[in-house]
Amino acid sequence: MSPTEHDAARPLMGRRGFVAGAAALGAGVGWSASALAGRGNDPVEPEGSLTERDIWLRDEDLRFIGTEETFSTPELMRLNSLNQDHIAFLTEIGLADLGERRLRDMDQGGLDVQILSAHTPSVQNVPGREGIDFARRLNRQLVEGPMAEHPDRFQAFATLPLQSPEAAADELERCVRDDGFLGALTNGHITSRYLDHPDFEPVLARAQALDVPIYLHPGYPSDAVYRTYYATTRPEYTREYQDYIFSGSGLGWHQEVLVQAVRMITYGVFDRFPRLKIVIGHMGEGLPFYYERIANDMGEPTQKSLEKPVEQYFQDNFWFTTSAFFQDDLLHLLLKYISVDRVMFATDYPFIDSIKEGTDWFRAVDLPREDKEKIAFRNAEKLFGITI
């Protein structure tokens, strides 16, 4: 049974009700530094050292650009939700709010700018003219709504009708050239194909020509993958949608993005499009943990087929965001392998408890001020050609 075939009569388990708020429908999240504080085993600060509070106060003037911040519309929620309970949950957390509530949450957290993107899987499963028109409507709603009303607070990634690659490339160019979009965001596989498939070369070529990035956001697996990896024949284990979350924010999403990223490298996308820029979120989608294994084990079999070592493409063609993973150790592990110039701040709003949770966490991270500014906003300014 695929995620879209769940029994609509079952109660939906949302973020705040799943494992005491540690995972949820629609996004992956880790324990933040602030969430861990006060849990019993607080470290003893060496005499004379800076406390987290000292570090936060030192950086309370830090500016922030949120690079993975999600929105929806009633039409899109009807397309991509499991049932009415799911729609109610997404509405409750403010996914479709692009006005006062979102701005209030940004102000409370000190988030200067959100780069908006349509919620998973956007219109990727809508073929033909219907998908093309749907993508255009979503993009125009942003241009005529929040981007016009609050141009200093909202930027956006284009929604693309990827089942029609030529039309998707044209929509990307129109959005970038005419409406000031910063690139595009995709959501996992497109009818069991990833962006390394020849069908999508028009989109990659246009993104390279326009010099804008593509953000690889997770998407739910194909039915075949879902049945093999995540489904169970024991209904007592699916009553709280644990199979759905298992295939999504609980694990599957993050593995799926990393697989797509490695596919793009090993099957030559960046040799064909050497200036293509790719962004992945959630602190690298597991890449820091697997980095050395990928580099070592994939190095020898790709020596003759690729122009560069596997790991070099991560340095040359990828950027990474902190979305929803407010964990010091993960950030430092990412920075062990990836330059601080390639890491950007994101909250994964509204699939986190609050924007302030993310900004407070990052203010307290023990990094040099110059590096914190790069991650908080300067790297995004440079990559997207914006100034806040």
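Under the condition of being assigned to a helix (DSSP H, G or I) and polar (S, T, N, Q), which residue from region 306-342 is farthest from Gln208 (Cα to Cα)?
Top of the filtered list is Gln312.
Which is surrounded by fewer than 20 Cβ atoms within 10 Å (Cβ to Cβ), closer than 30 Å to Glu373 by Cβ and of a type in the set (Asp, Glu), of Glu130, Glu166, Glu149, Glu173? Step through it out loud before you land on a result.
Details: Glu130 fails: closer than 30 Å to Glu373 by Cβ; Glu166 fails: closer than 30 Å to Glu373 by Cβ; Glu173 fails: closer than 30 Å to Glu373 by Cβ.
Just one listed residue meets the conditions, Glu149.
Filter region 55-64 down to residues that are in contact (Cβ under 8 Å) with a residue 60 or more places away in the chain and farther than 12 Å from Ile355 by Cβ and give me whichever is nearest to the chain's Cα centre (by Cα).
Of the residues in region 55-64, the ones in contact (Cβ under 8 Å) with a residue 60 or more places away in the chain are 55-56, 58-60, 62-64.
With farther than 12 Å from Ile355 by Cβ added as a condition, the list becomes 55-56, 58-60, 62-63.
Values: Ile55: 27, Trp56: 25, Arg58: 29, Asp59: 25, Glu60: 25, Leu62: 22, Arg63: 20 Å.
So the residue we want is Arg63.
Answer yes or no as to whether Arg378 is surrounded by fewer than 15 Cβ atoms within 10 Å (Cβ to Cβ), closer than 20 Å to Asp59 by Cβ and among the charged types (D, E, K, R).
no
For region 78-102, enumerate the residues that are closer than 17 Å to Asn139 by Cβ, aliphatic (A, V, I, L, M) and either under 18 Å from the mean Cα position of the chain (by Cα) or assigned to a helix (DSSP H, G or I) (or both). Break it down stepwise before answering.
We begin by selecting, within region 78-102, every residue closer than 17 Å to Asn139 by Cβ; these are 79-80, 96, 98.
Subsequent filtering for residues that are aliphatic (A, V, I, L, M) retains 79, 96, 98.
The answer is Leu79, Ala96.
Here is a check on your reading of the model: is Arg275 surrounded by fewer than 21 Cβ atoms within 10 Å (Cβ to Cβ), more than 30 Å from Lys304 (Cα to Cα) and touching a residue at least 60 places away in the same chain (Cβ under 8 Å)? Reasoning before the result, please.
On the way: surrounded by fewer than 21 Cβ atoms within 10 Å (Cβ to Cβ): yes; more than 30 Å from Lys304 (Cα to Cα): no; touching a residue at least 60 places away in the same chain (Cβ under 8 Å): yes.
Taking the combined requirement at face value, the residue does not satisfy it.
Across region 143-184, what is the number of residues that are among the hydrophobic types (A, V, I, L, M, F, W, C), more than 17 Å from Gly385 (Cβ to Cβ) and within 22 Å of the chain's Cα centre (by Cα)? Before you say what the answer is, go through the steps one by one.
Filtering region 143-184 for residues among the hydrophobic types (A, V, I, L, M, F, W, C) gives 143, 147-148, 154, 156-158, 160, 162, 167-169, 172, 175-176, 181-182, 184.
Now drop any that are not more than 17 Å from Gly385 (Cβ to Cβ), which leaves 143, 148, 160, 162, 167-169.
Among the residues that remain, those that are also within 22 Å of the chain's Cα centre (by Cα) are: 143, 160, 162, 168-169.
Total satisfying the criteria: 5.
Could you list all residues from region 50-77 that are in a helix (DSSP H, G or I) and at pLDDT below 95?
Applying the first criterion (in a helix (DSSP H, G or I)) to region 50-77 yields 52-58, 74-77.
Once the filter is applied, which keeps residues that are in a helix (DSSP H, G or I) and at pLDDT below 95, region 50-77 yields Glu52, Arg53, Asp54, Ile55, Trp56, Leu57, Arg58.
Name every residue in region 325-379 that is in contact with a Ser or Thr (Cβ under 8 Å, 6 or more places away or on another chain) and more than 14 Å from Met283 (Cβ to Cβ), in order of residue number. Full working, then the answer.
Narrowing region 325-379 to residues in contact with a Ser or Thr (Cβ under 8 Å, 6 or more places away or on another chain): 326-327, 331, 343-351, 355, 357-362, 364, 375.
Tyr349, Pro350, Phe351, Ile355, Glu357, Thr359, Asp360, Ala364 - these are the residues of region 325-379 that are in contact with a Ser or Thr (Cβ under 8 Å, 6 or more places away or on another chain) and more than 14 Å from Met283 (Cβ to Cβ).
The values are calculated or read from the model by the stated rules, or taken from the named source; none is laboratory data. These numbers come from a predicted model, not from an experiment. Positions of Cβ are backbone-derived with ideal geometry, glycine not excepted, and every protein chain shown enters the neighbour counts.
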